[in-house]
Amino acid sequence: MTAVLVFVGAMVGAPLRYLTDRAVQNRHDSLFPWGTFSVNLAGCLILGGLAGAGLALPTPLFALLGTGFCGALTTYSTFSYETLRLVEQKTYFYATMNIVASVIAGLGAALLGYTTIHALLS
């Protein structure tokens, strides 16, 4: 049953990632991968909130939303590919900023989601 929930969550997360990525990137005339940055940031915020719920969140719901949805919404492989592509294009500033901003903002979003939901449920 858990595998089915992960699959269902991923069926929603993957197309949402693609559509969001394209919509955001089309609005920016920049080499910086704003679409991937946005979906990864949103996924960190959501997953942080799910973790902040702790035991109040049933395990099947975490499998659906955390593993399935957030796992498919966020994308480390695309982040890595786009960073390497920026390096190949010799746009080192954008490559560095992609790494630094993604890590710092991702951790910040996860912490924000965690602390907010944890405080609401405590």
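State all residues of region 21-44 that are of a type outside the set (Gly, Ala, Ser) and assigned to a loop (DSSP other than H, G, I, E, B); if no residue qualifies, say none.
Within region 21-44, the first condition is being of a type outside the set (Gly, Ala, Ser), and the residues that meet it are 21-22, 24-29, 31-34, 36-37, 39-41, 44.
Residues satisfying the conditions are 27, 28, 29, 31, 32, 33.
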Restricting region 7-20 to residues that are touching a Phe, Trp or Tyr at 6+ places or on another chain (Cβ under 9 Å) and surrounded by 20 or more Cβ atoms within 10 Å (Cβ to Cβ), the one nearest to residue 73 (Cα to Cα) turns out to be 13
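Could you say which residue among 41, 45 is within 30 Å of residue 92 (Cβ to Cβ), surrounded by fewer than 20 Cβ atoms within 10 Å (Cβ to Cβ), within 18 Å of the chain's Cα centre (by Cα) and touching a residue at least 12 places away in the same chain (Cβ under 8 Å)?
On the way: 45 fails: surrounded by fewer than 20 Cβ atoms within 10 Å (Cβ to Cβ).
Residue meeting the stated conditions: 41.
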One residue is enough: does region 11-20 have a residue meeting the conditions free of Cβ contacts under 8 Å to residues at least 40 places away in the same chain and not in a helix (DSSP H, G or I)? no
In region 64-74, how many residues are surrounded by 21 or more Cβ atoms within 10 Å (Cβ to Cβ) and either under 18 Å from residue 34 (Cβ atoms) or small (Gly, Ala, Ser) (or both)? 5
For residue 89, only one of the following conditions fails: (1) without any contact (Cβ under 8 Å) to a residue 12 or more places away in the chain; (2) within 20 Å of residue 30 (Cα to Cα); (3) in contact with a helix residue (DSSP H, G or I) (Cβ under 9 Å, 6 or more places away or on another chain); (4) loosely packed, with under 14 Cβ neighbours inside 10 Å. What is its number? (1)
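For residues in region 21-38 being out of contact with any Gly (no Cβ under 6 Å at 6 or more places or on another chain) and surrounded by 15 or more Cβ atoms within 10 Å (Cβ to Cβ), which is nearest to residue 97 (Cα to Cα)? Break it down stepwise before answering.
Initially, region 21-38 is screened for residues out of contact with any Gly (no Cβ under 6 Å at 6 or more places or on another chain), giving 22-23, 26-38.
Next, only the ones that are surrounded by 15 or more Cβ atoms within 10 Å (Cβ to Cβ) stay: 31-38.
Details: 31: 11, 32: 8, 33: 10, 34: 11, 35: 14, 36: 13, 37: 11, 38: 14 Å.
Across region 21-38, the extreme among qualifying residues is 32.
Has region 56-65 got at least one residue that is part of a helix (DSSP H, G or I), over 29 Å from residue 96 (Cα atoms), touching a residue at least 60 places away in the same chain (Cβ under 8 Å) and under 18 Å from the mean Cα position of the chain (by Cα)? Let's see the steps before the verdict.
Here is the first cut: in region 56-65, the ones part of a helix (DSSP H, G or I) are 56, 59-65.
Of the ones still in play, those that are also over 29 Å from residue 96 (Cα atoms) are 56, 59-65.
Pick out the ones that are also touching a residue at least 60 places away in the same chain (Cβ under 8 Å) and you get 56, 63.
Filter again for under 18 Å from the mean Cα position of the chain (by Cα), leaving 63.
Yes, there is a match, as at least one residue in region 56-65 is part of a helix (DSSP H, G or I), over 29 Å from residue 96 (Cα atoms), touching a residue at least 60 places away in the same chain (Cβ under 8 Å) and under 18 Å from the mean Cα position of the chain (by Cα).
Right, residue 83: closer than 22 Å to residue 22 by Cα, surrounded by 13 or more Cβ atoms within 10 Å (Cβ to Cβ) and out of contact with any helix residue (DSSP H, G or I) (no Cβ under 8 Å at 6 or more places or on another chain) or not? Give the steps one after another, and end with the answer.
Working: closer than 22 Å to residue 22 by Cα: yes; surrounded by 13 or more Cβ atoms within 10 Å (Cβ to Cβ): yes; out of contact with any helix residue (DSSP H, G or I) (no Cβ under 8 Å at 6 or more places or on another chain): no.
No, not satisfied.
Can you say whether residue 47 is part of a helix (DSSP H, G or I) and at pLDDT 95 or above, as far as the supplied structure shows? If you could, list the steps in order and put the result at the bottom.
Details: part of a helix (DSSP H, G or I): yes; at pLDDT 95 or above: yes.
Answer is yes for this residue.
Can you go through 95, 110 and tell me which one is surrounded by 18 or more Cβ atoms within 10 Å (Cβ to Cβ) and farther than 26 Å from residue 3 by Cα?
Details: 110 fails: farther than 26 Å from residue 3 by Cα.
That would be 95, the only listed residue that is surrounded by 18 or more Cβ atoms within 10 Å (Cβ to Cβ) and farther than 26 Å from residue 3 by Cα.
The values are calculated or read from the model by the stated rules, or taken from the named source; none is laboratory data. Everything quoted here is computed from the prediction, not taken from an experiment. Note that we place each Cβ from the backbone using ideal geometry, even for glycine, and neighbour counts take in every protein chain shown.
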